[in-house]
Amino acid sequence: MLAFASSLSTAQPPKSNVKSQQEHPGSVANPDRDIPTKLKSDVAPVFLVAEGLNADGSLIGNYKRGLRYAIDYFGNYGPYYIYLLGPSSEQNVREIFRKRAEIRVNPRASATPKEQMEEFLNRPNVTAEIKAVLSGKAEGGLTWTQDPPLLFEDVTTNATERDRNPIENTWGALHEYHHVFQIAHCDTKQKRSSDKHINSWMAEGMATYSSAKFMENLGLVDFEDYMRQLRKSGGNIGRPGINEFLARTKEWRLDEESYWDHNGPSPQVYYMIGAWATAYLIHVVGVDEKTVLKEWYHDIPRMGKSAAFEKHMGVSLAEFYKRFDQFIRTSDDDAAMRIFGSNPGS
Ligand SMILES: [Zn+2]
């Protein structure tokens with residue numbers, strides 16, 4: 001198991017899934033909020049790093065190694081604030097959170113900036129994050145606002161871990177930035193089953209696929225080996241892997257949205273099987289990789305995800321679910337790996 005587990009672990013879905021930390025809808029009516037060009041940005045991502053971290057510059061350097069690749073691929077969306085936090089100084093951590101509250105102030109809201117900052121700092125999820133930082137626990141993840149000022153945040157509460165693991169750090173940066181791009185093309189006030197939002201398998205599966213593929217392109221992991229590991233062991237996502245999951249869970253659906261709750265079969269469906277569904281689109285359906293990971297999203301705000309999917313993938317969502325279901329339930333490891341076109345076991 002890779003040490004990367006903590007940043008994408010499904011054992012802690014709130015940390016890194018794109019579902020958990022949405023802002024509450026406010027009262028400002030803004031029907032244009034989901035138009036992606038509004039989030040297309042010239043502003044470079046901003047890093048806020050706690051004292052005691054990044055001593056030799058490698059924490060930011062290794063994060064940027066992934067971020068630069070992702071921005072080059074997806075385009076620059078933002079404003080994007082990256083918080084790399086650790087427990088060295090409580091005063092410093094509290095200053096950074098005040099700064100974060102200030103950045104989020106809407107000057108046109110009826111509440112004063114001071115009131116808005118107090119309200120933000122007293123939110124249960126924010127106080128929990130501060131506590132996690134001070135106790136060195138891994139929490140947080142990708143957050144975004146749904147009302148002005150529109151922005152994205154990647155909050156890492158235990159960046160000490162990332163400081164020690166350059167691979168995890170770069171991988172996490174790639175994964176989260178795919179979410180930034182996805183969210184810029186979705187109306188996150190809608191349910192994930194809605195046509196204006198993407199399903200969890202699309203969000204997590206495509207980000208799992210893309211980040212591993214980009215890590216290979218950067219010379220940092222072996223992509224095919226990673227895809228095989230998702231089947232055999234669950235790789236850096238968690239346990240059980242796909243094979244064990246499929247052997248003991250007959251009833252599951254890729255587009256079922258309730259698996260975030262621990263009562264459902266498992267949110268790993270979204271990450272691992274979602275990554276294989278992405279591989280299936282590229283390597284079996286034969287859709288260009290960039291179309292699957294990027295281009296089709298551009299049409300979601302205008303035509304909805306079902307029509308956008310069918311237009312770009314050449315197959316309806318319903319037909320895709322049917323075909324992929326057959327594939328994933330019936331292929332063994334070697335048969336599945338053959339979709340990548342290389343010699344299995346090599
Ligand atoms: Zn994710």
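For the stretch 219-346, what ratio Rg/Rh do Cα atoms give with a Kirkwood hydrodynamic radius?
Values: Rg = 14.9 Å, Rh = 15.5 Å.
Rounded to two decimals, Rg/Rh equals 0.96.
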**Asked** Once you wrap a convex hull around the alpha carbon atoms of the chain, what is its projected area averaged over all directions, in nm²?
**Response** 16.8
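Are there trypsin sites (Lys or Arg not before Pro) in the stretch 235-269 that DSSP puts in a loop and that have at most 13 other Cβ atoms within 10 Å, and which ones? Each step should come with its number before you reach the end.
On the way: sites: Arg248, Lys250, Arg253; in loops: Lys250, Arg253.
Listed in order of number, the matching sites are Lys250, Arg253.
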**Complete:** Here the stretch 101-109 yields Karplus 3J(HN,Hα) values (6.51, -1.76, 1.60; θ = phi - 60°; whole Hz; Gly and Pro given as x) of 5, 5, 4, 8, 5, 9, x, 9, 6
**Message:** About the Cα centre, and with charges only on the beta carbon of Lys, Arg (+1) and Asp, Glu (-1), how big is the dipole of the stretch 200-340? Nearest 20 debye, please.
**Reply:** 120
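Please report the net charge: other residues with Cβ closer than 10 Å to the Cβ of Met337, K and R +1, D and E -1.
My count for the surroundings of Met337 gives -2.
Multiply the residue gap between Glu319 and Met303 by 0.36 nm, knock off their C-alpha separation, and tell me the result in nm, one decimal place.
Working it through step by step, the gained length comes to 3.9 nm.
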**Fill in**
If amide H atoms are modeled at 1.01 Å from N in the peptide plane, then the residues at a separation of 5 or more from Ile82, or on another chain, having amide H under 5 Å from its own are Val46, Phe47, Leu48, Asp154
**Item:** Given Lys64/Lys196; Lys99/Lys131; Lys191/Lys305; Lys189/Lys311; Lys290/Lys311, the pairs whose alpha carbons are separated by over 19 Å
**Value:** Lys64/Lys196; Lys189/Lys311
**Prompt:** Where nothing but the Cβ of Lys and Arg (+1) and of Asp and Glu (-1) is charged, how large is the charge dipole of the chain around its Cα centre, in debye to the nearest 20?
**Reply:** 260
**Message:** I'd like the GluC sites (Glu not before Pro) in the stretch 240-346 restricted to DSSP loop residues with at most 13 other Cβ atoms within 10 Å, sorted by number.
**Reply:** Glu251
**Request:** Would you calculate the separation in nanometres between label points at Arg253 and Ile339, each defined as 7 Å from the Cα along the Cα-to-beta-carbon direction?
**Result:** 2.1
**Message:** I need the peptides 114-122, 266-274 ranked by packing, meaning the mean over residues of other C-beta atoms within 10 angstrom, with the highest value on top.
**Reply:** 266-274, 114-122
**Message:** For Gln326, project a label point 7 Å along Cα to C-beta. Then give me every residue of the stretch 264-284 with its amide nitrogen under 20 Å of that point.
**Reply:** 274, 276-284
**Complete:** Any lysines whose Cα falls less than 16 Å from that of Lys40, other than same-chain ones fewer than 8 residues away, would be Lys294
**Listed residue (Ala184, Asn158, Asn54) projecting farthest to the positive dipole end of the chain, Cβ model** = Ala184
**Item:** Residue-by-residue Karplus 3J(HN,Hα) for the stretch 203-215, coefficients 6.51, -1.76, 1.60, Hz, glycine and proline x
**Value:** 5, 7, x, 5, 6, 5, 5, 5, 5, 5, 5, 5, 4
**Prompt:** What residue among Thr145, Thr188, Thr156 shows peak mean-square fluctuation when the chain is described by a Gaussian network model with Cα springs under 10 Å?
**Reply:** Thr145
**Item:** Distant-in-sequence amide H partners of Asp187 (H built 1.01 Å from N, under 5 Å)
**Value:** His197
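Every number in this text was worked out from the coordinates using simple rules, so none of it is lab data. Bear in mind that the values here come from a model prediction, so they are computed numbers and not experimental data. With ideal geometry, Cβ positions are generated from the backbone for all residues, glycine too; neighbour counts draw on all protein chains shown.
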